[in-house]
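Note sheet for the following structure.
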Amino acid sequence: MKKGIRLCRIEKLLIKFCFLMIIVFPVASVLSKATLSNMNLEVEKLKREVSIQNNSNESLSMRVDELKSLANIEAVASLEGLSYNSYNIKVVSNN
């Protein structure tokens, strides 16, 4: 006759728990790394979009500066039939 090893209920639960953890930990690790990788890709995409928007903002700012230059104002004024008279300009200061 063979005598088997008798395990109590707690020991059986511990063995089942260990087998479950052996399966769950690798799966959870792979899933968390995949999620992290997706988040990193999204962060890089957003950084690229921010960089593009910053370049666009700088370009528009330069265009605004160009349009509000005195030379451009004088050119538009002359096209509209207006003239620039420096003796009509009054300087106001906060004294």
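Please treat every number below as a calculation from the coordinates, not as lab data. Keep in mind it's a predicted model, so treat the numbers as computed, not measured. Because the Cβ atoms are built from the backbone with ideal geometry, glycine has one as well, and the counts that use them run over all protein chains shown.
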Per the filter on the range 30-58, residues over 20 Å from the mean Cα position of the chain (by Cα) and either of a type in the set (D, E, K, R) or loosely packed, with under 10 Cβ neighbours inside 10 Å (or both) are K33
Condition check for E74: surrounded by 10 or more Cβ atoms within 10 Å (Cβ to Cβ) and of a type in the set (D, E, K, R):
yes
